[in-house]
Structures are given as structure tokens and as C-alpha cells.
Amino acid sequence: MTVFLASLFLPKTVYFRLPHTPPTSEHLSKKPSSKKTTKRPPLELRTSLFPDPAITPPKTPEEEEGYLGDGFFVNEDGLRVANVSDDEEFRSPAPADKQSPKWGGRANQPKSRANSPPPASLLEHARTFEKAKELGRQGIVQPRVARSDSHDRVFANANWRIVNADQGNGGLRNAAEAAARDGHTDEYSWVGTLGMPTDALEGTQQKEDINDRLVTEYSMYPVFCSDKDFDGHYLHFCKQILWPVFHYQIPDNPKSKAYEDHSWQFYVNLNQAFADKIVKNWKRGDTIWVHDYHLLLVPGMIRKKLPDAKIGLFLHVAFPSSEVFRCLAVRKQLLEGMLGANLIGFQIHEYCRHFLQTCSRLLSVEATPEGVQLEDRFVNVMNHAIGIDPVSLNAHRQEEEVMKWINIMRDRYKDKKIIVARDKLDHVRGVRQKLLSYELFLNKNPQWRDNVVLIQVALSTGEKTDLDAAVGDIVTRVNSNWANLAYLPLVYLKQDIPYSQYLALLTIADALMITSQREGMNLTSHEFIVCQDGKFSDRKHGSLILSEFTGTSSLFGNKELTVNPWSYRQCSEAIKQSLEMPEEEKTERWEALREVVSQHTGGHWFSKFLATLDQVYKEQHSHDQTSVPRLNLNNLGLRYSQSGNRLFFLDLEGTLIPYGPMNEIIPMNPQRTLDVLNDLVDDPRNTVYVMSGRRPEELDRLFRLVPNLGLIAENGCFIRNNRTSTWTEVADHDRVTSWKDSVRGILQYYLERTPGSEIEDRNCSLTFHYKNADDYANAERQASDWTGHINESCEEQRVHATQLDDCVVVESIDWTKETAASQVYHDMNAAPEGLENSSVDFLMVVGDGREDEKVFKWANNLKSQDGIKDVVTVSLGNRNTEATSTLTQGVSGVLVTLQKLASLS
């Protein structure tokens, strides 16, 4: 079957051969320079790795044969990728005309008809809104660029060819290729845009021919959307709203554009185009794998049309805390779109935890470490970091061009220690903080001023910002203070370098410095570790200085030099430590890092996610309520009669008695329930335990007329053996007291602000009741905040809060109904008490709540692990369940079933 890989950009795009343009190379046309020759180059380009023109070719990276921009090169073997980070797509530098920061305005591709919306500012917002209303739209309208018939006719008839794209998720492409090389047998098809304006091709035969050739020859399904939709989706909603928020750039200043929501509809339109393309080509058994923050709505859109589809989603960027994510005006729509998937993947555990807490807080759903429980299904989550392809990287390192640059740089910097850095020049990457830290290092360590060089490669975003000026000032100040004719302490290149130079830099570096303020992973660090094996240079086992706010930092186990990029002193000291570190320590750290990199490869990540998706999809469908059969009473009776030692675990509320306050249930004297239980326990072959969240004393009062009945109170914290009248507290009293003191303070804060609510303090749990709150609607809305607050602040104490009907329950995660049932089961098997065959051969669990699901799963696993002859798990709920059978008659159906079994004794 087919795996659909949905990513914003396809690995291929289209170039047109237009009249009056010079011949092009095999893969990419060379662009003639339109710049006039000047005696002085632009300021940002004067600094170079190699100022000697005999060494450095005069052409810029854009003009190099086969260059694809941002470190990508192409030759007869295909795409070459140098990862700055996997959480940002790559693209070539902005063209001189800057017709569009994304579309590029290349001469061999159409021009976009979309005009960018007006600049967003608080001063202009009212005026812009009034203009929009005049046009009959609620939001900002993007005027369509006037149609150029000559422009359209040129592209409608021009020759074209398919080439490797210069933008897209390089880490994903490398991972797919590595998985195929490693034996991953699934066929996969790409779904994405061409990364160029397509309005000019609308209604032409060219568009049909391009689509057909991509599908038939490359197994790629292009998504054609209007230039306006793409421009609004990518440049405005993704880059100005989602990207900053996902990287903790909170929109709390007047310059922020996050308060505008006009681009939301463009985001919806493009996501819908992706969903429609996939739905149109999907066949039963196919797998859909959606990638990154550009397409968060696609899983939910597909789920509406294909309820049984197997859908995975992987987020390559960081996922922020709930406090940051809730700033988004469309937060619920984004979460609901993501939850259309069967499996959602994140790079590291922190992002996974943030997502679960956000779902719990904003959607009021139950979030567990395994995933999110929705009303009709369960959505699994996982964290598994992507990596690089060391096999491909090592092959590229041996190329003649790389070896040439290694020798050149070894000679150029033979007496210097080299610190290397390569980042996008934006506020997230921390370039300014890095340069200030380096300046502080030189100030405090004069002995190093003539012996160390920082080579900072800065990939321009194509936009002039305040950051450009700030970085330029620092570069000028550092070099003016300590540079001389033979020494330049800071080499700053505001442009990318060829891939061969990039690999050579990583090979001869003494340290790599990464100071990102937030970053999903950062695979440059992985490539640096591989390049530091000493095979092609006498410099080896260099130090890695890595920001603690990158996803990669959580994988390396402090074998790197972890820094807080906001602490200039700490970063400065890390530079000094990296340069003065003993060789033995360098080797020990490098070997540990190399082991991590070899385990977290792109190919392994690719195969692992798809294997996990297959597994959870199978489990989820087997637990779907419509897939679970009804309990067969005749078959159950036969199995019961043939067993010799039976064990029952029966939930109380909603299973044996209706829901309600205990002070109302006890006076009612549910005689029928008590009679049925008495009939069961009268058979010496039956051991019956009733499970409840109630206190021990409440259960004693309710079941005082049922001797030999086992009881489990407070959801597993207390157990009363079926042959005694005393309770055993299995929970650790000191630990419970400790976390209750912390949680009680949080709940007291909300209690004072919610008149009419109350806190119920049980032995091992706390319950916040807001049923009688004066403002119930507001309390219900706030309950998710209380739940999220407790889960975030008390996670290390192993406490979990769950929002139920009219209340929030806070319990320890170490003592549950499952742990109590397991203890009872093992105690029975370990204490034969003279019985000829004391091993349990019939186990029945009946429940209706989410807390019973763990008991169902535990019981089902016992059949395969301990070889119990008969295990019967029964759910009364109408949601997906771990139980192997269901009862639809509620409490009455349970009592009828148990009464029939008792009559067979």
C-alpha cells in the first residue's frame, strides 16, 4: 500500500525555458548578474573566509553550478542537504527584485499575482478594517494583481522541465531516502505545492501536463492553490503568527501581527486543498503522514471525509506551553485539526507534554501520558527525535571538493582555534547573543585574542530588520578592537556558503556554537559530531556548545557544553572551556555524543514512526465501540461453569449502583445489588472485589450486609481483603501528605474565586466540586485551567488531575485500581490456603469509566502472560474501550448478568 507524505513543498519543482534567456545547466539555470561592477563590495559581503581571490572563486553561492540555496547542491546523484535545523524549511536567498520573499520571482518561474496585505500596525488597523468593510468582507482583502496576458502566454507555451526544489524539509527527504536504502519496503508518494506561483498556469494544458508527469514519473501529487491563498497562508499566518508563537515569541507588543486574523482563511484554504488532494487519491489500506505546522488542519479535514483512514502527524518544530499556545485566536481549531490524526509525533518529551497539557486545558479532554481521550476515540502521542543520515553524509565528505576546502582552511587557519556557527539571521537563532558572548570572552581572556577565530555564517531572511543592524554593530566593534593585518577575530558572512565549504568547516572546527533561543531540534550539531571523527583532518573531537533550548540538547545527556543563550557570562565561559578542554575529556564527550547520533538517525525515525502508527491504528480500531462485540451470556455461563477458581473486579458507581452522592445512595438501600453480591460470594470458588473512588468508611457502611466481600477504596489506595474486616493502606502516606499540601494550596486559591464550590479531602485524593457554584458556566470554563495548572506544577510529584462532570479529581498516578487489582491477584496466587488448585482460572472485570480502562488492559494482558484460561472484560460505556465485550443495559444489565452466573453455582 501507499504512504502519502504531505509536506508543504514537494521535493521537485518546475523551471520554464523562456525566450531570450541564456541556456541553463542540467538542474538549475545560471542567473546573469545584473549588478554593476563597483570598486567596493557591499558592506556585509566584504568579510570572507578567504579574502585572497586566488583562493576564493569570485562568484556568489547563488551563481554556482547546481546550487540550490541554503546549503543545497545538486549533481548527477540528486539533492545534497546541509541541515541548519529540521524545524524550518530551506529556501534560496531572496532575489534582487524582492517581488515576493517566498515565491522568489525567478525569471524561469511565473510571477505571483498576490499582493501582500497592508502592514499590520495598531495605527492603521482601524483604517484597514473600514476599507475591508466597504468591500463587503470581514477582514483584509488581498487585491488581485492585474492580469498580464503576455506574461501568461509566455508560460502557457514555454518549454519546461522538472528539477530538484530549492525549498522544503531537507531532513524529511533525507530520512525517507535513508529508510528506503535501509530496506523500508512501503511505497510512498509526496503531496505538496510546487513552491512557485501557479495562477499563470490556470486553465492551461501546461498545468495538466505538469501534474500528470509528476504523478506518473515521480509519484508526487502537486497541490495547486491560488497565489493569494499561498501568500496569505505562508508569509502571513505561518510566518507571522504560528512560527513566532511556536518559538515563544509571544505577541505582546504593538508591532506584532498576531492580532490580525485575516490570514486564517488562507491557512484554511490551503489545508483544505491538501486534504482534498489526499482524499481524492486515497485507497483503503493507505497511510497518510502529515508534516509540520503548515498543515495542522489537514488530519481533521481528512478524518471528516475518511473516518477509517490511518493518519499520522509529526510536528518538526517545538510545541510551546499552554500559556503561550492559548494566545492564538484559533487555538481550538488548530488542536481539533491535529487530533484528527491517529498518532501525533513530537521531537522530544517536553513538546509532547506541552501538547497534552494544552489539550487538557483548552479542550477539557482527558490527557494521559499515552495520548488524548476524545468522546469517540483515542489519539496516541509519541516523541521520537529525527536525525541525520550519517551514511550519506560520510559519502559526501569524501568528495574531492570537500577535501580541497579542508586543505585550504587548514592552511589558512593553521595557528588558530576555530569556532564555527551557521544560523538563520532571525530573532529565534540567538546570533546576537552569541556574538555578544564572544565579545565578552575576548574582553576577559586577552591571551586568546590572537589565537581564536569565530566564523559566523548568517543565512539572510531577505528582510531588513533591527537585528541586521545590531549584529553588524557588534561585528564592527569586535573587529575594530582586536583585528590587525594578520588577524581577524570575527569572520561574518551574511550569506550561505557552498555545501563543500560547510562540510569542511565542520571538519576543521575546534568547536561548534549554537545559541538558539528555541529550536525544534538543530541537526547541524549532529553533522558536526559525525564530521569530527578525525578521518579527514588532524583536528578531531571538537567541543559542542549547545543551547539548552534546542530539542537536541535533551538527547545528548550533558555531554555537550550546555548554555543558556541569555547568559553571556555562561556562554563566554563555555567558549573558554571548549578551547582549553583536555584531549581525554574531548574524546570521552565526543564518543558519547557519537553514540547518540548513530542511534537517532533519520532512517530509524522514519521507520519507527510508521511502525508505531500501524500499531496504534490497529489497537484503536480493535477498541472502537462499534468493533467490540456484545457480551454473550450463554457463552459466558458455559465458561463460568467450567472454571474452578474465579476472581471478580466490579466497579461501583455506574456499574453496580447509579451515580449519585453516597449520602443519597446509602439510605436508598440498593437491596438488589446487595442480594446479587451475596449470591456470588456464597460460592467458595468466587472471590469478589468491588472497586470505588469512595472512602473506606463509606464502603463499609454500604456493604456491611455482604460478608466475605473484598473492597478497593479511593481508586486503589486502600484494600480490604475478602476474609477480613480491616483495611490496608497500600499508598505511601508520607508521599500523599506531601503532594496534598501542595495541591490544596492551588485549589484553595480557586476556591476563594469560585463562590459556592467546595473541596472534598479524601485520604489519598482531593476533589474540587463546582456543581453548586454561583456562576456554574464560568466555573466549568475555568476547570480546565485548574486541571492544567495542577498537572504542570505537580508533575514531578507524580500527581494527575482529571476533569470530570462537575468536579476536578486530583490523585496519585502510582496507586490506581489497576495496581490494587494486580496486588489482589498475585496475593491470591501466592496464598493457596490448602486449595488443591488455587490459581485463578476465570477473571471478570466490569466497569464503565475511564479509570477502569487500565484494569481492562491489565486483565487482558494476563491471559497471554499468566495463561489464565478465561478473562472477561466488560465495558458499559459507549466510547472506545480496552474491554473485549460490552453491555448496553447499564446497571440493570450488569445485575442480570451476575445474577445468572450466581444461579449456575
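Condition check: at pLDDT 90 or above, of a type in the set (Gly, Ala, Ser) and either outside the structural domain of residue 819 (by TED's automatic domain parsing) or over 42 Å from the mean Cα position of the chain (by Cα) (or both). Does residue 644 satisfy that?
Working: at pLDDT 90 or above: no; of a type in the set (Gly, Ala, Ser): yes; either outside the structural domain of residue 819 (by TED's automatic domain parsing) or over 42 Å from the mean Cα position of the chain (by Cα) (or both): yes.
So residue 644 does not fit the description; no.
Residue 575 fails exactly one of the following numbered conditions: (1) buried (at least 19 other Cβ atoms within 10 Å of the Cβ); (2) not in a helix (DSSP H, G or I). What is the number of that condition?
With (1) buried (at least 19 other Cβ atoms within 10 Å of the Cβ); (2) not in a helix (DSSP H, G or I) applied to residue 575, the lone miss is (2).
Check region 489-510 and report whether any residue there is under 23 Å from residue 595 (Cα atoms), out of contact with any Pro (no Cβ under 6 Å at 6 or more places or on another chain), part of a loop (DSSP other than H, G, I, E, B) and among the small types (Gly, Ala, Ser).
yes
When region 222-239 is examined, which residues are found to be in contact with a Phe, Trp or Tyr (Cβ under 7 Å, 6 or more places away or on another chain) and part of a loop (DSSP other than H, G, I, E, B)?
Correct list: 223 only.
Need at least 3 residues that are buried (at least 17 other Cβ atoms within 10 Å of the Cβ) and at pLDDT 95 or above per element, so show me which helices (runs of 4 or more DSSP H) inside region 382-463 make the cut, counting only ones lying wholly within it. Give the derivation first.
Values: elements: 390-397, 400-412, 431-444.
By residue number, 431-444.
Mind counting the residues in region 172-182 that are of a type outside the set (A, V, I, L, M, F, W, C) and at pLDDT 90 or above?
Going through region 172-182, the residues of a type outside the set (A, V, I, L, M, F, W, C) turn out to be 173-174, 177, 181-182.
If we keep only those that are at pLDDT 90 or above too, we end up with 173-174, 177.
Counting residues in region 172-182 that are of a type outside the set (A, V, I, L, M, F, W, C) and at pLDDT 90 or above gives 3.
Given (1) of a type in the set (S, T, N, Q); (2) over 15 Å from residue 801 (Cβ atoms); (3) out of contact with any helix residue (DSSP H, G or I) (no Cβ under 6 Å at 6 or more places or on another chain), identify the lone condition not met by residue 748.
Answer for residue 748: the failing condition is (2).
Give the residue, chosen from 397, 303, 377, that is among the charged types (D, E, K, R), over 17 Å from the mean Cα position of the chain (by Cα) and not assigned by TED's automatic domain parsing to the domain that holds residue 173. Before the answer, list the steps.
On the way: 303 fails: not assigned by TED's automatic domain parsing to the domain that holds residue 173; 377 fails: not assigned by TED's automatic domain parsing to the domain that holds residue 173.
Of 397, 303, 377, the one residue that is among the charged types (D, E, K, R), over 17 Å from the mean Cα position of the chain (by Cα) and not assigned by TED's automatic domain parsing to the domain that holds residue 173 is 397.
Of the numbered conditions (1) touching a Lys or Arg at 6+ places or on another chain (Cβ under 7 Å); (2) under 23 Å from residue 854 (Cβ atoms), residue 339 fails exactly one; give the number of that condition.
(1)
Please work out if residue 891 is modelled with pLDDT of 90 or more and either hydrophobic (A, V, I, L, M, F, W, C) or in a helix (DSSP H, G or I) (or both).
No; evaluated as a whole, the condition is false for this residue.
Which residue is surrounded by the fewest Cβ atoms within 10 Å (Cβ to Cβ), if the candidates are limited to region 750-774 and must be of a type in the set (A, V, I, L, M, F, W, C) and in a loop (DSSP other than H, G, I, E, B)? Don't jump to the end; show me each part of the working.
Looking only at region 750-774, we keep the residues that are of a type in the set (A, V, I, L, M, F, W, C), and these are 751, 759, 764, 766, 768, 773.
Keeping just the survivors that are in a loop (DSSP other than H, G, I, E, B) gives 764, 773.
Working: 764: 25, 773: 19.
My answer is 773.
Please work out which residue is nearest to residue 245 (Cα to Cα), limiting yourself to region 303-335 and to residues that are in contact (Cβ under 8 Å) with a residue 60 or more places away in the chain and in a strand (DSSP E or B).
314
Mind telling me which of the residues 299, 307, 390, 320 ends up being in contact with a helix residue (DSSP H, G or I) (Cβ under 8 Å, 6 or more places away or on another chain) and closer than 26 Å to residue 619 by Cβ? Write out each step before concluding.
Details: 307 fails: in contact with a helix residue (DSSP H, G or I) (Cβ under 8 Å, 6 or more places away or on another chain); 390 fails: closer than 26 Å to residue 619 by Cβ; 320 fails: closer than 26 Å to residue 619 by Cβ.
299 is the lone residue from the list that is in contact with a helix residue (DSSP H, G or I) (Cβ under 8 Å, 6 or more places away or on another chain) and closer than 26 Å to residue 619 by Cβ.
If you take the residues of region 714-754 that are aromatic (Phe, Trp, Tyr) and under 33 Å from the mean Cα position of the chain (by Cα), which of them is nearest to residue 793 (Cα to Cα)?
Restricting to residues being aromatic (Phe, Trp, Tyr) and under 33 Å from the mean Cα position of the chain (by Cα), the top hit is 739.
The values are calculated or read from the model by the stated rules, or taken from the named source; none is laboratory data. Keep in mind that this is a model prediction, so the values were computed, not measured. Backbone-built Cβ (ideal geometry, glycine too); neighbour counts: all protein chains shown.
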